Amino acid sequence: MEQKKFRRIGILTSGGDAPGMNAAVKSVTCSAIARGVEVVGIIGGYAGLINENLKPLTVADVSGIIALGGTAIYSARCDEFRYEEGMQKAIQTCKKHNIDGIIAIGGDGTFRGATDLSIRGIPCIGIPGTIDNDVTASDYTIGFDTAMNTVLRLGDQLRDTFESHSRCVVIEVMGRDAGYIAIETGIALGAVGVALIEKPFDKEALFNKIIKLRAEGQQSFIVVVAEGMGGTFSETLTKEIEERTGVESRFVRPAHIVRGGSPTLRDRSLACTMGDKAVDLLLQGKSDLVICSRNNQITYADIKWALIVDRMFKNKLKPGDLDNFSEKEIEDMKALCAERRAYFDDMYDIMLTIG
Ligand code: F6P
């Protein structure tokens, strides 16, 4: 069969923005243009595809965005795209504007859109871009490193004032249902405790640890809570620490601050290599794939496989989810989930030991 000739591809960013998305947009744009393919920015994620909000991108357009946080082609979460009518509008836009394929940067919602388009004849490749690092198929997502470094900087600043006042600070960090940012920054900040949904949280042990360390002379304490603990967990924990240990405590939620800022070298490098790989695969005629970083190699996985392994890891599998996968594919999913669980076990033990 003759290979499809690509004349123009689209690029979009969808879901929560992440530092490094712009570097990926630049990488995709420059990489495609270098291969003789035009690039069009789809403005505001899938909504831009539905509403024909498009902007042709040149190398000059993206020349300066590599260092910028956020996303220059805007982002959104688009409900209309979940329904057939919205998807059909998106497909019409692709046909009308000769968009032969799409590279979609985002998290699992973005990949669901990409796989829906792929099966309707628009080749799509996904790139993981989210601060949450919750794309199980990839060791790292674009934006995670910058977000962790931002939390680290804020946590160090908080330590200055909390040390001066001999207080405890409870910092709640974003991450949706995933505790990657919390556990990594908890260790790096020397937190006395970290609460995240991937591990049982022993409040009594935390109170006793703070009481013991205070008796030994430790003045300030940092506790990191993952957003996934939900509701008013962090505020309640702050009050309980004060009541149970006698250490004056405050609660801080940096929230969206953690999503902004210039991307770190690691995020820029990940974005550039993933962007180039995505263009390469798309122009080879591949579709319905997500680019992954595994063991320091840039590789790829089937999007449907990636979405289901996520559900498996989060214990959210629905009946029938595994029906269309081979035994080997399911074994690989289980092995990856075991690897991720071992990571959380190891990191949690380290936190308990050194915090
Ligand atoms: O997925 C990125 C993220 O920042 C999560 O960490 C957080 O739960 C969510 O997005 C916040 O979404 P919004 O910006 O819509 O409030």
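Restricting the stretch 73-108 to residues that are open to solvent by 50 Å² or more (accessible area, probe 1.4 Å) and not charged (D, E, K, R), the residue that is farthest from residue 30 (Cα to Cα) is 83. For the stretch 219-238, what are the residues that are in a helix (DSSP H, G or I), within 16 Å of the ligand (Cβ to nearest atom) and open to solvent by less than 10 Å² (accessible area, probe 1.4 Å)? Once the filter is applied, which keeps residues that are in a helix (DSSP H, G or I), within 16 Å of the ligand (Cβ to nearest atom) and open to solvent by less than 10 Å² (accessible area, probe 1.4 Å), the stretch 219-238 yields only 234.
Going by the conditions given, is residue 113 in a helix (DSSP H, G or I), within 16 Å of the ligand (Cβ to nearest atom), open to solvent by 10 Å² or more (accessible area, probe 1.4 Å) and of a type in the set (Gly, Ala, Ser)?
no
Looking across the stretch 116-139 at every residue that is under 17 Å from residue 300 (Cα atoms) and more than 16 Å from the ligand (Cβ to nearest atom), the one that is surrounded by the fewest Cβ atoms within 10 Å (Cβ to Cβ) is identified as 139. Number of residues in the stretch 155-200 that are away from the ligand (no atom under 15 Å from the Cβ), assigned to a helix (DSSP H, G or I) and open to solvent by 10 Å² or more (accessible area, probe 1.4 Å) equals 11.
State whether the residues of the stretch 79-99 include one that is assigned to a strand (DSSP E or B), more than 15 Å from the ligand (Cβ to nearest atom) and in contact (Cβ under 8 Å) with a residue 24 or more places away in the chain.
no
Contact annotation: residue pairs with Cβ atoms under 9 Å, 6 or more positions apart or on different chains, pairing a residue in the stretch 153-167 that is of a type in the set (A, V, I, L, M) with a partner that is in a loop (DSSP other than H, G, I, E, B) and open to solvent by less than 70 Å² (accessible area, probe 1.4 Å), are 154/254; 158/220.
The values are calculated or read from the model by the stated rules, or taken from the named source; none is laboratory data. Since the structure is predicted, the reported quantities are computational estimates derived from the model, not experimental observations. Reconstructed Cβ throughout: ideal geometry from the backbone, glycine too, with neighbour counts over all protein chains shown. Side chains are part of the model used for accessible areas, which takes the heavy atoms of the whole protein and leaves out ligands, DNA and RNA. Shrake-Rupley method; radii C 1.70, N 1.55, O 1.52, S 1.80 Å.
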